Protein chains: 4
Amino acid sequence: MKNTPKNSSWREQLHEVIYEADTPAGKTFDVVLLILILLSIVFVMLESVKGLDAWVYNFLYYAEWIITVLFSIEYIARIISIEKPKKYIFSFYGLIDFFSTIPLYVSLLFPGGGSALITVRALRLLRVFRILKVSRYIGEGDKLMKALRESKAKILVFLFAVIILCLIFGTAMYMIEGEESGFTNIPVSLYWCIVTLTTVGFGDIHPVTPLGQFLASLIMILGYGVIAVPTGIVSAEYSKKDKSADNNLRTNTQSCYHCNESKHLDGADFCHNCGYPLNREK
Amino acid sequence: MKNTPKNSSWREQLHEVIYEADTPAGKTFDVVLLILILLSIVFVMLESVKGLDAWVYNFLYYAEWIITVLFSIEYIARIISIEKPKKYIFSFYGLIDFFSTIPLYVSLLFPGGGSALITVRALRLLRVFRILKVSRYIGEGDKLMKALRESKAKILVFLFAVIILCLIFGTAMYMIEGEESGFTNIPVSLYWCIVTLTTVGFGDIHPVTPLGQFLASLIMILGYGVIAVPTGIVSAEYSKKDKSADNNLRTNTQSCYHCNESKHLDGADFCHNCGYPLNREK
Amino acid sequence: MKNTPKNSSWREQLHEVIYEADTPAGKTFDVVLLILILLSIVFVMLESVKGLDAWVYNFLYYAEWIITVLFSIEYIARIISIEKPKKYIFSFYGLIDFFSTIPLYVSLLFPGGGSALITVRALRLLRVFRILKVSRYIGEGDKLMKALRESKAKILVFLFAVIILCLIFGTAMYMIEGEESGFTNIPVSLYWCIVTLTTVGFGDIHPVTPLGQFLASLIMILGYGVIAVPTGIVSAEYSKKDKSADNNLRTNTQSCYHCNESKHLDGADFCHNCGYPLNREK
Amino acid sequence: MKNTPKNSSWREQLHEVIYEADTPAGKTFDVVLLILILLSIVFVMLESVKGLDAWVYNFLYYAEWIITVLFSIEYIARIISIEKPKKYIFSFYGLIDFFSTIPLYVSLLFPGGGSALITVRALRLLRVFRILKVSRYIGEGDKLMKALRESKAKILVFLFAVIILCLIFGTAMYMIEGEESGFTNIPVSLYWCIVTLTTVGFGDIHPVTPLGQFLASLIMILGYGVIAVPTGIVSAEYSKKDKSADNNLRTNTQSCYHCNESKHLDGADFCHNCGYPLNREK
């Protein structure tokens, strides 16, 4: 996207401020960004509320533009300050940053009228994804993600079992209750079955025949047992994690200027990914 | 059902493709079958939706016939390719395969009119059981089933306790609330009690008298404690499983041509069930 | 209640049949009793259903009398066959046996009309307690009860915390939402809070103001954490139980003829409670 | 607030009665206080119920005044009997004691009429906080609080993940369902999402479009997995606690007259916080 010359000191410093949180400047940058993201989410939410005074919508319109511009500057700064911009642009957070900045610009290109405007609005709501950036700053988030990744196989088998149960019981309930009770077709019946098995129970659809109520009782008691399975899986995974936490090596927020690899050990002098030197200024 | 000559090489090869998933051909067969099963379920679900265009129902009718014919061929191939067909026919999956293929043929024999058609429709919905085949292909499913089998005694006692609680509280609520609140008889009151104790809470029936609301509060807080019991049981069972997983021997999808016993150890040369040689071609 | 002569052989034999389940006769007696109890519960439930044919209610009336007479005989037999009847009469099961047999006789003494009849009906419903007898026959039930008894202190503190939370949030919701939303007074608001915190969520009462919905969201997320506490308690208790199960001594259903103490060790020759000899005939 | 002379024997004795529970007098004081707090809560709850006889409201008015006066005396006694009153006044329980006593006096100063009265009523309801005192008397309460404090970091990350999930899904549901289904704006949609993810499911708002029901199903199944996380955290924390309970040192309810530090070890002769002698009379 841009031609990036090697070893320009100001860009390495910018890189440290934007991508790392070990220096005072880097910490301030992250906190300000966090507040901006939260503000932007509150503004998007307020905008959807009807019946407020006109000046509120006006204020929100301008606030939105200011935040969008600030995010655009941040996005460009992120691209400039890294040696291999592609590493950032096509990373998970790079894509989120892009799609959370773009909606307002798109609404300028396609102003349209009527139904088109609603589509644009939908695009603007995508900025809510901006909040996903936040999780980057809290270290424990990775731990949770790792635990989920490791028990992926078990969770998939469990979900598979739940879906089979819902298919069988959903079809049975459709046959027993029929359209008068709100079980208008199998997909709706399947939706009801998931609502029941997960113990949510909205009550928008519910059995009325004795046989339907009997089967529903069975499904609920089954849901009791089923809810125990993911709990057991996560409990086992978490207690395993706790044991390994004893010989837990500490990492810092250093991020390699060359390849953008983060999570280096405390005291590491070279990037463990590309061998580029870290910690220029101690 | 059919006379099965001994040691015909093409049938052993067919057996390997259909019953095993270690060879490329066997893997392809299983994946195609899986997709067909999923498609057939989607079609049955779509058929129950009202208000679609006429051509959709037409398409679904023909799609159903094609899938039914394919499943029939698979069913016959399974019978031919095994030495003792009875082992397959009266196995769990054999019966599911049979009952998920038959409905459409039955609807031809008994075309009837009016109410009879609805009965036929119900039979066609049984094809949803076809999905149960799928679990055969995912290895971890057995582990879940085993864990459930081993804690069967505990689960039964727990279910028994839940049913006693529901009987006592259901009767009490029927006496307190009466018919005006929707607690029309003890079975309905029992249904409400299960809905509440499992924390589903549809809200179709709910207490309105102060005493009823007080008792309902007690039931809900009790349900809190009760939901902890199956979780504790499954957690204990799962952490036991994890320990034994250390000295876990690896099995493959080899299936004996003679007795259809599956789950042989890697490197096994003879069936551990009947002594028939395995692994003809390595 | 009755004068009980010492050492009459037929009474000791009757004692073995009624109170123990090690001999074929004792086992048969328990199974027949179990079936009678289940039948009686089904009959009480059916009786509360309206709109059935007249002969059903007739049948239920006579069935009820037959079962009541059989239970009366059993109750008297239990008193006769034990040396110290008071031990049985004032035991937990003795009282349940008494109160589950008496309602029909009471309805004869006070036939009355109008409202009195309803009271009698309520007394008849007490027979549902008869089912509590059943748990006596399943050995694992004691284990569950023991686990609950041991974690009693923790559970009480937990329940106390839940009640404080509900009082604070219930009052707050009453002040925020007021009567228009269904939060008519603090007790009702407290009931709603328990419904929400236990994740039952009937929906008969629900917040409508933005502030109420915000507070309700907080309560629900809190309920998330709160539901984890009893699960943790029971899980810990159950995994402790599993360890002690290794050196688990086996007991049988022998019951002392002298003091009615049950749960003697396999091979015990004398009652561990009163020293009276057990196992007269091996 | 008051000038407190040093070492007056009657004040040290009063301190022991009010702040400690090891002597018979101290125990009686705490039990009486506990009963008064519970009575006061019941009275506040009853007062909010409409449609009772006039004498009930009269009785409640006088009962409220009597309890308020008694609590005022207790509050002053607590201040007098301690050497450094500020330690108590600005402690957690000191503030609760103050704010649970004050409302009725405030209602005298600002009698007002109409809307002002409602505000006063709200202040009176604050007395419900009085119940928080109770937890002080039950020793296990601290254990629960400690467990929660230690897993604070994990719980915060978890809550953060839940809020992100709710923001994304809430916005998506608002876009899919729109105002006709009750998803009037993003905050309401967010509220619905929390109701669903926590498996409460009031049913006041629920999806009606097929796509909305499909997304809701996904949210519910996700909620299944999410509910397992706090359970796993608390389970791990509780089983850790159980291990450390082996070398658990016993503390008593001794409270230092000088600095009000409580929880001294059995046998301690001097306050571990300020060195002031404890246990004057053994």
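Of the set (1) modelled with pLDDT of 85 or more; (2) under 30 Å from A:Ile163 (Cβ atoms); (3) more than 14 Å from chain A (Cβ to nearest Cβ), all apply to B:Asp97 but (1). When the criteria are applied in full, B:Thr119 fails the requirement of being within 12 Å of chain A (Cβ to nearest Cβ), part of a helix (DSSP H, G or I) and modelled with pLDDT of 85 or more.
Per the conditions (1) in a helix (DSSP H, G or I); (2) under 26 Å from A:Gly178 (Cβ atoms); (3) open to solvent by 40 Å² or more (accessible area, probe 1.4 Å), the sole criterion not satisfied by B:Met45 is (3).
Each row is one residue, and each column tells you yes or no for (1) within 22 Å of C:Gly212 (Cα to Cα); (2) at the interface with another protein chain (Cβ under 7 Å from one of its Cβ atoms).
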site: D:Leu156; (1), (2): no, no
site: D:Ile163; (1), (2): yes, no
site: D:Glu177; (1), (2): no, no
site: D:Gln213; (1), (2): no, yes
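Could you say whether any residue in the stretch A:49-56 is surrounded by 12 or more Cβ atoms within 10 Å (Cβ to Cβ), out of contact with any Asp or Glu (no Cβ under 7 Å at 6 or more places or on another chain) and touching a residue at least 60 places away in the same chain (Cβ under 8 Å)? Checked the stretch A:49-56: no residue is surrounded by 12 or more Cβ atoms within 10 Å (Cβ to Cβ), out of contact with any Asp or Glu (no Cβ under 7 Å at 6 or more places or on another chain) and touching a residue at least 60 places away in the same chain (Cβ under 8 Å).
Any residue that is touching a helix residue (DSSP H, G or I) at 6+ places or on another chain (Cβ under 6 Å), assigned to a helix (DSSP H, G or I) and within 8 Å of chain D (Cβ to nearest Cβ) - is there at least one of those in the stretch C:198-211? Among the residues of the stretch C:198-211, not one is touching a helix residue (DSSP H, G or I) at 6+ places or on another chain (Cβ under 6 Å), assigned to a helix (DSSP H, G or I) and within 8 Å of chain D (Cβ to nearest Cβ), which makes the answer no. When B:Thr184, B:Thr171 are checked against the criterion of being more than 32 Å from the chain's Cα centre (by Cα) and either surrounded by fewer than 21 Cβ atoms within 10 Å (Cβ to Cβ) or in contact (Cβ under 8 Å) with a residue 40 or more places away in the chain (or both), a single residue qualifies: B:Thr184. Tallying residues that are among the hydroxyl-bearing types (Ser, Thr, Tyr) and either more than 19 Å from C:Phe98 (Cβ to Cβ) or at pLDDT 80 or above (or both) within the stretch C:13-39 yields 2. Condition first: assigned to a loop (DSSP other than H, G, I, E, B) and among the β-branched types (Val, Ile, Thr). Now tell me which residues in the stretch A:48-69 satisfy that. Within the stretch A:48-69, just A:Val49 meets the criteria. Of the residues making up the stretch D:70-99, those that are part of a helix (DSSP H, G or I) and open to solvent by 70 Å² or more (accessible area, probe 1.4 Å) number 9.
Here the stretch D:179-197 is the region considered, the condition is being under 17 Å from D:Leu218 (Cα atoms) and either among the aliphatic types (A, V, I, L, M) or out of contact with any Phe, Trp or Tyr (no Cβ under 9 Å at 6 or more places or on another chain) (or both), and the residue that is nearest to the other protein chains (Cβ to nearest Cβ) is D:Ile194. Scanning the stretch B:31-42 for residues that are within 14 Å of A:Pro187 (Cβ to Cβ) and either open to solvent by less than 40 Å² (accessible area, probe 1.4 Å) or not assigned by TED's automatic domain parsing to the domain that holds B:Leu108 (or both) yields a total of 1. Condition check: free of Cβ contacts under 8 Å to residues at least 60 places away in the same chain, open to solvent by less than 30 Å² (accessible area, probe 1.4 Å) and polar (S, T, N, Q). Does D:Thr196 satisfy that? Against the criterion (free of Cβ contacts under 8 Å to residues at least 60 places away in the same chain, open to solvent by less than 30 Å² (accessible area, probe 1.4 Å) and polar (S, T, N, Q)), D:Thr196 qualifies. What residue, among those in the stretch D:10-30 that are aromatic (Phe, Trp, Tyr) and surrounded by 15 or more Cβ atoms within 10 Å (Cβ to Cβ), is nearest to D:Tyr75 (Cα to Cα)? Of everything passing the filter in the stretch D:10-30, D:Tyr19 is nearest to D:Tyr75 (Cα to Cα). Checked against (1) within 28 Å of C:Leu38 (Cβ to Cβ); (2) modelled with pLDDT under 75; (3) open to solvent by 30 Å² or more (accessible area, probe 1.4 Å), B:Asp242 meets all criteria but (1).
Within the stretch B:146-167, track down each residue that is open to solvent by less than 40 Å² (accessible area, probe 1.4 Å) and under 20 Å from B:Gly223 (Cα atoms). Those that are open to solvent by less than 40 Å² (accessible area, probe 1.4 Å) and under 20 Å from B:Gly223 (Cα atoms): B:Lys154, B:Val157, B:Phe158, B:Ala161, B:Val162, B:Ile164, B:Cys166, B:Leu167.
The values are calculated or read from the model by the stated rules, or taken from the named source; none is laboratory data. Note that the structure is a prediction, hence the values are computed from the model and not measured. As a convention, Cβ positions derive from the backbone with ideal geometry for all residues, glycine included, and neighbour counts pool all protein chains shown. Surface areas here come from the heavy atoms of the whole protein model, side chains and all, with no ligands, DNA or RNA. Shrake-Rupley method; radii C 1.70, N 1.55, O 1.52, S 1.80 Å.
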